[in-house]
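A short worksheet on the structure shown next.
The values are calculated or read from the model by the stated rules, or taken from the named source; none is laboratory data. On a predicted model such as this, the values are computed, not experimentally measured, just so you know. Don't worry about glycine lacking a Cβ; one is built from the backbone with ideal geometry, like all the others, and counts go over all protein chains shown. Side chains included, ligands, DNA and RNA excluded: accessible areas come from the protein's heavy atoms. Shrake-Rupley method; radii C 1.70, N 1.55, O 1.52, S 1.80 Å.
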Amino acid sequence: MQKYNKHSVQKDETLKSIAALYNLSTDALKLFHNNLCTVKDMILIELTVQKEIFIPRTAVTDKSRLVEFGKGNRLVFQPENSVRRYSVVITIQKGEDKSELKYETSVRWLKTEKGNHFFEIDRTSNLYLNEEEVNEIADLLAYRTSKVLYPLQICTDENGKFEAVENAEVFLKRWPGIKEELYKEFDGETVDEYCRRIEKMISEPEAIDLYLKNDYFIRTLFFGIYQSFGKDYITEMTTIFPVVDNAVEPRYKITLEADPLKGETGLITVEGSGKLHEERDIDDFIRKSPFSLIIEDEPVMNEEGNFRIIGYMKEKTSLPKSLYLECSIMLQEEKKISVSVSGIDEN
């Protein structure tokens, strides 16, 4: 993000009048400008040939444009009474092969308790694969059997990061009705196999948690973007994402940055980017190893993967209006997951 704005010098303006306009001292304005400009545009005592002046990004005449941060420039997650519908597009790419899933979902805040936020997630549309409604028997059964999870209740931490499923006990109660409907529509070994899979999953709490940790929508919307950004509006963090099937998800080292000014649409912007930061090499991930098979005191880190996220939030930082996450890793060929979550109504 740009760290400065520019002021176009008008006729009869002085260094003092421009500084006063932005509530800065003349010395502070001069120092900031001189650190960014070319030598010929440096201000020595007063304005001379300068046509533009660099000013701090947070020095604005309209204070309503400033984002209201908490202590330590913390972006505070305040989802109370939030209800939002989202359009979700998930793109999975392996080398030249590419598939796109689309569906709509709703998210409703339930309560906030002891620093945790609780939400209910429900599906509000059918599933579309590569622009066509799912009709292949395997894809359709996978989608229909997973309906046993919805409405789904989850909780997050204070940063808005997914932590756990909260209503797992109801899945077994829902299943008989869903199973009955499935067997009215399908028969044969395929439906038997998918029913066995879902029955095994919903009977084991750890399996449910693992299944939903691989849910790209949940992991994107509840990434935990609400952080303390410090005096420079930047924070560094490590994060994980299920870009590959592995018991220990790949780790990425990223820089997350909040824009201290709201955009033209009045939204708060947070952007992050970084690289894979792993002791495991490409072969380890191909073998689905949870750890590096080579132990070294100072390992050469595998950085063959990228991570990017950008989010837009309304003031008071309720549920995001939209988020985009992209995560990749190099295996025999590049594997990339991109998730686009866009609000389709207003809160």
Which members of segment 21-34 meet the condition of being free of Cβ contacts under 8 Å to residues at least 40 places away in the same chain, hydrophobic (A, V, I, L, M, F, W, C) and under 11 Å from ALA59 (Cβ atoms)? LEU24, ALA28, LEU29, PHE32
Does segment 222-270 hold any residues that are among the acidic types (Asp, Glu), part of a loop (DSSP other than H, G, I, E, B) and in contact (Cβ under 8 Å) with a residue 40 or more places away in the chain, and which are they? ASP245, ASP259
Quick count over segment 295-311, residues being buried (at least 21 other Cβ atoms within 10 Å of the Cβ) and in contact (Cβ under 8 Å) with a residue 40 or more places away in the chain, is 4
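Tell me which residues, restricted to segment 1-55, are outside any loop (DSSP other than H, G, I, E, B) and among the β-branched types (Val, Ile, Thr).
Passing the criteria: ILE18, THR26, VAL39, ILE53, ILE55.
Per-residue answers, yes or no, for (1) touching a Gly at 6+ places or on another chain (Cβ under 6 Å); (2) among the charged types (D, E, K, R); (3) closer than 17 Å to ASP232 by Cα:
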{"residue": "MET1", "(1), (2), (3)": "no, no, yes"}
{"residue": "GLN10", "(1), (2), (3)": "no, no, no"}
{"residue": "ALA19", "(1), (2), (3)": "no, no, no"}
{"residue": "PHE32", "(1), (2), (3)": "no, no, yes"}
{"residue": "ASP41", "(1), (2), (3)": "no, yes, no"}
{"residue": "LYS51", "(1), (2), (3)": "no, yes, no"}
{"residue": "PRO56", "(1), (2), (3)": "no, no, yes"}
{"residue": "ASP62", "(1), (2), (3)": "no, yes, no"}
Enumeration of residues in segment 16-48 that are aliphatic (A, V, I, L, M) and either surrounded by 11 or more Cβ atoms within 10 Å (Cβ to Cβ) or within 14 Å of LYS6 (Cα to Cα) (or both): ILE18, ALA19, ALA20, LEU21, LEU24, ALA28, LEU29, LEU31, LEU36, MET42, ILE43, LEU47
Could you list, in sequence order, the residues of segment 139-156 that are farther than 19 Å from VAL170 by Cβ, without any contact (Cβ under 8 Å) to a residue 60 or more places away in the chain and either open to solvent by less than 40 Å² (accessible area, probe 1.4 Å) or of a type in the set (Ser, Thr, Tyr) (or both)? LEU140, LEU141, TYR143
Within segment 250-271, the count of residues that are surrounded by fewer than 18 Cβ atoms within 10 Å (Cβ to Cβ) and within 30 Å of ALA207 (Cα to Cα) comes to 1
Residues that are assigned to a helix (DSSP H, G or I), surrounded by 15 or more Cβ atoms within 10 Å (Cβ to Cβ) and in contact (Cβ under 8 Å) with a residue 24 or more places away in the chain, drawn from segment 157-196: ALA168, PHE171, ARG174, TRP175, ILE178, LEU182, VAL191, TYR194, CYS195
Of all residues in segment 272-294 being open to solvent by less than 70 Å² (accessible area, probe 1.4 Å) and among the acidic types (Asp, Glu), which is nearest to the chain's Cα centre (by Cα)? GLU278
Flag for PHE241 being surrounded by 21 or more Cβ atoms within 10 Å (Cβ to Cβ) and either in contact with a Leu (Cβ under 7 Å, 6 or more places away or on another chain) or among the acidic types (Asp, Glu) (or both): no
SER64 meets each of (1) of a type in the set (S, T, N, Q); (2) open to solvent by 50 Å² or more (accessible area, probe 1.4 Å); (3) over 30 Å from ILE225 (Cβ atoms) with one exception, condition (3)
If LYS213 meets every condition in (1) free of Cβ contacts under 8 Å to residues at least 40 places away in the same chain; (2) closer than 27 Å to TRP109 by Cβ; (3) open to solvent by 70 Å² or more (accessible area, probe 1.4 Å) apart from one, which number is that one? (1)
So, in segment 1-15, of the ones that are under 30 Å from THR255 (Cβ atoms) and open to solvent by 50 Å² or more (accessible area, probe 1.4 Å), which residue ends up modelled with the lowest pLDDT? MET1
